[in-house]
1. By how many nm would the segment from residue 53 to residue 22 lengthen if fully extended, with 0.36 nm per residue of separation less the alpha-carbon distance?
2. What length, rounded to one decimal in nm, is gained on full extension from residue 61 through to residue 38, with 0.36 nm per residue of separation minus their alpha-carbon distance?
3. In what sequence, highest mean first, do 51-57, 20-26 appear when ranked by Cβ atoms within 10 angstrom?
4. Hey, fewest Cβ within 10 Å first, where do 18, 70 land in order?
5. Tell me, 65, 31 in order of fewest to most beta-carbon neighbours within 10 Å?
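Just so you know, all these numbers are worked out from the coordinates, no wet-lab data involved. Just so it is clear, the model here is predicted, and its values are computed rather than measured. When we count neighbours, we look across all protein chains shown, and the Cβ atoms used for this are built from the backbone with ideal geometry, even at glycine.
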């Protein structure tokens, strides 16, 4: 609503609130774009690193090491 002089009746208080809302939305938009571009989402975490035992088992499964070498290395890894 405007008075007869072309000014808003509510005064400058609402302009300040709208300015804060505007800049808040701009900042949130920038943050959302950066997260989208980097591929990170809230609540997602990187998978835990593989243990030496898991790596050994994968190498054996791929045929990189034979049964005897697998058994020896597995014994070496056990505490």
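1. Additional length available on full extension: 5.8 nm.
2. Between residue 61 and residue 38, full extension yields 4.9 nm more.
3. Going from most to least packed, we get 51-57, 20-26.
4. Listed from fewest to most nearby Cβ atoms, that is 18, 70.
5. Working: 65 15, 31 10.
By the 10 Å Cβ count, ascending: 31, 65.
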